[in-house]
Amino acid sequence: MVWFLLALPHFAIPLWGPYRPPAASLFLLLWAGLACCAPTALRLRLSDDTGLRWKLLAFFLYGLLSAAFGYLELSRTRQLTLHLTTGDVGYLGIAGQRLFQLMLAMLAFEVVHLSRTPPVELMRWWLIGTAIAVALHVLAYLGSSDSLMQRAGVFTEPNLGGLYYLLSVFVAREYRRRGHGRAGLAFIWLAVAGIVMAGSSTAILLLALTLSLAHVLSANSTGLKVLRTLVTVGTVVSIGAVMYGTGSDFGIAEKLFEEEVTSKSFSRIDRLASIETAIDLFLQSPWLGHGLQTYGFLANDYLDGPLLNVYDDSFRRIPNNIYAELAAEMGIAGLLLFGGFMAALVRRITISLADNGRNLLGAVLAVLGYWLAFPTYSVVFVWAFFGLAMATLRAGPALQAEQPVSRRRAVRPASLATASSRTTPR
């Protein structure tokens, strides 16, 4: 478990390049082999009292059927092979990769969720992994003149790093709330530094929004929630105005509002066009979609405008929006199955007393928001966090753990003191 959590953010070696498979995925494969050969060697709970397992399995099984449907659809239109300048890409290989990634994501969720390791220990090793990732990210920043490599660090792209560091902020907040004040605060600032180095505008915006939301929801009364809402909105607006006025907004304004195609606005324009294509595909087959991973084989037919002049057929296009991808490829049926799992996850966290600080809820909402501009829903560290959230709920509220350790040791319960006075000989 320690090595798995340490390996979660490592998708590439800084200044060298990506490696396959990612380190965490390799550990999951080794785990699966160990589970088959020596099941008693793994300290995992087998029972699932959340009801989430069957929802994940239902979505995976539908993915298998959707892949078969996609093969039939593409073979009918003779689009099973995508001809790129870098080589031909076959549909079966791409669909098989996604199904394999889904299996790893489900395994990550189950392994962390069912682990007998205390959740605070899981958080500690997650955060140590974050600290290592930030340190290597600094080396990439100092050792490379390529802005993309500087932003990516140990990830294959900055967006991956932005989401991982964003989740780490909430893990550190919960770790701090459970009795590790100084260490938790240090990890929070390390994760924020990672977000800044990744330069992900999505991560920066969602950090402000989700932290504000968690702060408001953790209030104990309606009046306090209203007060916190007013103060938070005023603070965010003021900070945003200062950042925009001084030009220290990390290029967010240009990324979000620039109409002309520039190096910073291109990402937004490309995403909007990709989403529009996904909507067109969805409207053609709303109930079942066109099949798992078929978007990249169909999207080139819808290219127009400035993107048609820029695209050079060197890569397979993706929607860059999880919800648009699910709608175009798996239709309403896929959206309902995937949405059923996420809704059940959010509901369990919302009604649980274990998430008093609303850090777990804030993190899951950050993922849901981040998926509006994210390449895939099968990244292992996201599902490992979902498992960590469920393991934390199972452990219950942090009551005594919220006090510093030194203070807990210094306080002597009255009942023990009374018992001691009764048994002490005169």
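Residue check: Phe250 meets all listed conditions (1) out of contact with any Ser or Thr (no Cβ under 7 Å at 6 or more places or on another chain); (2) among the aromatic types (Phe, Trp, Tyr); (3) at pLDDT below 70 but one, namely (1). Note on the stretch 328-386: among residues that are more than 28 Å from Leu65 (Cβ to Cβ) and of a type in the set (Val, Ile, Thr), the one that is farthest from the chain's Cα centre (by Cα) is Ile351. Is it the case, given these coordinates, that Arg347 is at pLDDT 95 or above, surrounded by fewer than 23 Cβ atoms within 10 Å (Cβ to Cβ), assigned to a helix (DSSP H, G or I) and of a type in the set (D, E, K, R)? So Arg347 passes the test. Taken together, the residues in the stretch 209-247 that are exposed (fewer than 15 other Cβ atoms within 10 Å of the Cβ), of a type in the set (Gly, Ala, Ser) and at pLDDT 65 or above amount to 6.
The numbered conditions (1) acidic (Asp, Glu); (2) closer than 25 Å to Ala333 by Cβ; (3) at pLDDT below 95 are all true for Asp49 except (2). When the residues of the stretch 305-322 are filtered to those that are of a type outside the set (Ser, Thr, Tyr) and free of Cβ contacts under 8 Å to residues at least 24 places away in the same chain, which remaining residue is nearest to Ala333 (Cα to Cα)? This residue is Leu308.
Here is a check on your reading of the model: is Leu288 among the hydrophobic types (A, V, I, L, M, F, W, C), buried (at least 16 other Cβ atoms within 10 Å of the Cβ), at pLDDT 95 or above and under 23 Å from the mean Cα position of the chain (by Cα)? It is false that Leu288 is among the hydrophobic types (A, V, I, L, M, F, W, C), buried (at least 16 other Cβ atoms within 10 Å of the Cβ), at pLDDT 95 or above and under 23 Å from the mean Cα position of the chain (by Cα). Here Ser147 meets the list (1) at pLDDT below 95; (2) over 20 Å from Val382 (Cβ atoms); (3) hydroxyl-bearing (Ser, Thr, Tyr); (4) touching a helix residue (DSSP H, G or I) at 6+ places or on another chain (Cβ under 9 Å) almost entirely, failing just condition (4). For Phe282, indicate whether it is touching a residue at least 24 places away in the same chain (Cβ under 8 Å) and touching a strand residue (DSSP E or B) at 6+ places or on another chain (Cβ under 8 Å). No: the conditions fail for Phe282.
Counting only helices (runs of 4 or more DSSP H) that fall entirely inside the stretch 365-426 and contain at least 1 residues that are modelled with pLDDT of 90 or more, the qualifying elements are 380-395.
The values are calculated or read from the model by the stated rules, or taken from the named source; none is laboratory data. Bear in mind that the values here come from a model prediction, so they are computed numbers and not experimental data. Counting neighbours? That spans all protein chains shown, and the Cβs are built from the backbone with ideal geometry, glycine included.
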